[in-house]
Amino acid sequence: MQQHPDPTRTPAPLNASDSPTTAAAVSSASTPAEQTRPQSRRELLLAMSGIAASAVVVAFDSTIVSTSLPKVAQALDGMAAYAWVGTGYFLASAVSIMIFGRLGDLYGRKPLLLIALAIVTIASVLCGVAQTMGQLICFRVFQGLGGGMMMATAFAAPADLFPDPRVRVRWMVLISSSFAVASGLGPVLGGAVTEALGWRAAFFVTPLAALTALYSTWRFFPAIHSKRSSAPRIDWLGAVVLVIAVGAPLTGIGRLSAATTGAEQLWALGVMAVGLAAVALLIPVERRATTPIFPLRILRSREAKLLNLAGVMAGSVMFILIFYMPLLLQDEFNFSPTYAGLLLTPLVAVMPLGSIINGRLFPRQSEPARLMIFGSVLLGLGCLLTQTFSANSPAWWIVLTMSICGAGLGFLLPNFTLFMQMLAEQRDVGVASALIQTTRAFGGAVGTALVGIAVAKISVTLGVRFGLVLCVILCGLIGWVCSQIHMKNVTR
């Protein structure tokens, strides 16, 4: 029987075979940030229950309204701004994840997670009472701030509890499974509640789940802080520049999708240029900071850069499927919200299966990056098969295709986070986890905005078909990028 290491021991490193810098970074990541880390399996399970419950809230927060959005856009006369309901959420998430990931490293993750749950609860209620599309978008942006804070803390928390990555990858299945199952239930619940009680009621499901997560996190998750000789200084200048660097390009892309005149298009391009200038400014600012909000050392290795590039593309594929497949099924095929939600459930519900298999195979792989290549092939195959969908497609065919896509994502998403944590020093594990979540959210915002432009300028059918073709191309690029990541599990 295979022996598994004690979760409280120092991790055995994953080394990049062609990067001495990466190897050094992984080795230095072994210093644990421990203060009150639980020891027994029962304590660990209870601690993870709060994180898993938070993952459920994150999933509901981002997916439960996907099948109700067509009805929302019709009721509020806002089909032209349809993409902004998703883009605004991802924009807010993207600009907040990095900042709160770093603050979690500095001050601990438990307080931030509790605040995030409170924000999501309040924002969900506000979305449910919105009277215009503009109000709904504003409240979704507020909700995105809480969602970004929650993603930054929830997905980094297992690194505090399980220093050994070979143990962590098995426990991360709990989070991935919770997130995926909730994401699968989200569209179904959203569609059913919308049909039974109206679209406003769909926004009140997330607060109910958040109450459970609030109690579990407050009661069971330990307060773990990094050992520091003095209080850290917050890098306010770096935080402002980082928000502009992430937010301005996304805002420009979103505005470009809704632009109807040359002046509006020029304004959008100008905002994007400001974002690029902020990116260039961020590097010298963070080099001078004593405690940078974005420590550049987390991108020192070639592998880290490639992982985040793959994360951008995977985020685009995932959220194009989540946000625009319901629009295709309902607007073009005339499926009901509930039926469309059921057909799309496997897209996220099968993710746990891929994650579980990935968790079992990971410790046995000499080159675990091959698992990501396999995931990209599965996801690309599923996206290619979506081109066959029509109003006459049998339900089993749509379910099978979405299942293939979900399995592919199950091999990609957990490994992105795990690899980034392995490449980072322990003091940077939160911001490293946040970076890969940010790039995924960034990709989601860019992908949904680009498809939104196609939908607004051409038609729903051709716009969504364009998005699905784009997904196939991106999957091929993900596979190629992952093939360039050379990391070896030196102690299997």
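Expected output is a single nm value to one decimal: the length gained when fully extending between residue 400 and residue 40, i.e. 0.36 nm times separation in residues minus the C-alpha distance. What is it?
Once the chain is fully extended between residue 400 and residue 40, it gains 125.6 nm.
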For residue 291 and residue 267, calculate 0.36 nm times their separation in residues minus their Cα-Cα distance, and state this gained length in nm to one decimal.
5.2 nm
If you bin every alpha carbon distance in the stretch 369-492 into 10 Å steps from zero, what whole percent lands in each bin?
12, 34, 33, 15, 5, 0
Roughly how many nanometres apart are two label points built 7 Å out from the Cα toward the Cβ at residue 115 and residue 283?
3.1
I need the helices of the chain that pass two filters: whole DSSP H segments spanning 24 Å or more by Cα along the axis, and mean Kyte-Doolittle score no lower than 0.5.
41-63, 82-107, 110-128, 133-154, 165-197, 236-258, 262-288, 302-327, 369-385, 395-423, 429-457, 460-483
Under the rule of -39500 (n - 2.57) per DSSP H run of 4 or more residues, summed and divided by the residues of the chain, what mean residue ellipticity at 222 nm is obtained, to the nearest 500 deg cm²/dmol?
-25000 deg cm²/dmol
What is the set of long-range amide H partners of residue 487 at a cut-off below 5 Å, with H atoms built 1.01 Å from backbone N?
17, 369
Check the cysteines of the chain one by one and keep only those with no other cysteine Cβ under 4.7 Å from their own.
127, 138, 405, 475, 482
Hull volume per residue for the stretch 65-219, using the convex hull of the C-alpha atoms, in Å³ is 104
Hey, with R₀ at 45 Å, roughly what FRET efficiency would residue 357 and residue 77 work out to, going by the Cβ-Cβ distance, to 0.05?
0.50
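State the extension gain, in nm to one decimal, for the chain segment bounded by residue 302 and residue 387, taking 0.36 nm per residue of separation less the distance between their alpha-carbons. Display every interim value, and only then the final one.
Details: separation 85, 0.36 × 85 = 30.60 nm, distance 3.48 nm.
Between residue 302 and residue 387, full extension yields 27.1 nm more.
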Can you give the Rg to Rh ratio for the chain, taking only C-alpha atoms and Rh from Kirkwood?
0.95
I'd like the FRET efficiency for residue 334 and residue 138, computed as 1/(1 + (r/R0)^6) with the beta carbon distance as r and R0 of 30 Å, rounded to 0.05.
0.45
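Every number in this text was worked out from the coordinates using simple rules, so none of it is lab data. On a predicted model such as this, the values are computed, not experimentally measured, just so you know. All Cβ positions, even for glycine, are placed from backbone atoms using ideal geometry, and neighbour counts span all protein chains on display.
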